[in-house]
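These notes are about the structure you will find just below.
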Amino acid sequence: MRFTSSDGVFGVVVAADSSDIAYDWGFSGIPAKYLTRDYYVSWAPGTTDLSANGSPVWVTPLTDGTTFYVDYSPLDGIVDETFTLDVLQ
């Protein structure tokens with residue numbers, strides 16, 4: 001969802017329930033004025049033995065046709081994945 005306000009003042013907190021307590025999650029929204037071209041996400045494995053991923057990262061662009069570049073090892077200088085999304089896709 002995209003939220004707007006005539007005076008630009010409001011807060012957003014999202015909580016989700018998957019019916020499995022191990023996969024319930026939430027986040028706070030980031031105001032558009034704080035968005036930048038680059039974001040770095042700390043490594044957060046789903047399990048200690050790396051057999052499952054319970055820590056996904058969710059993204060959505062502000063404009064259609066936005067290309068995302070994903071680099072799992074930023075020190076090697078190689079982009080590992082690219083994909084293009086439209087707003088709220």
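Looking across segment 28-46 at every residue that is modelled with pLDDT under 70 and farther than 20 Å from Phe68 by Cβ, the one that is most open to solvent (accessible area, probe 1.4 Å) is identified as Pro45.
Across segment 68-89, what is the number of residues that are hydroxyl-bearing (Ser, Thr, Tyr) and open to solvent by less than 60 Å² (accessible area, probe 1.4 Å)? Spell out the reasoning first.
Looking only at segment 68-89, we keep the residues that are hydroxyl-bearing (Ser, Thr, Tyr), and these are 69, 72-73, 82, 84.
Remaining after also requiring open to solvent by less than 60 Å² (accessible area, probe 1.4 Å): 73.
The total comes to 1.
Table: residues versus (1) of a type in the set (A, V, I, L, M); (2) modelled with pLDDT under 75.
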site	(1), (2)
Phe10	no, yes
Gly26	no, yes
Leu50	yes, yes
Trp58	no, no
Thr63	no, no
Thr67	no, no
Gly77	no, no
Leu85	yes, no
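The values are calculated or read from the model by the stated rules, or taken from the named source; none is laboratory data. Predicted model, so just to flag it, every value in this text is computed and none were measured. Glycine also receives a Cβ, built like all others from the backbone with ideal geometry; neighbour counts cover every protein chain displayed. Keep in mind that these areas ignore ligands, DNA and RNA; they rest on the heavy atoms of the full protein, side chains included. Shrake-Rupley method; radii C 1.70, N 1.55, O 1.52, S 1.80 Å.
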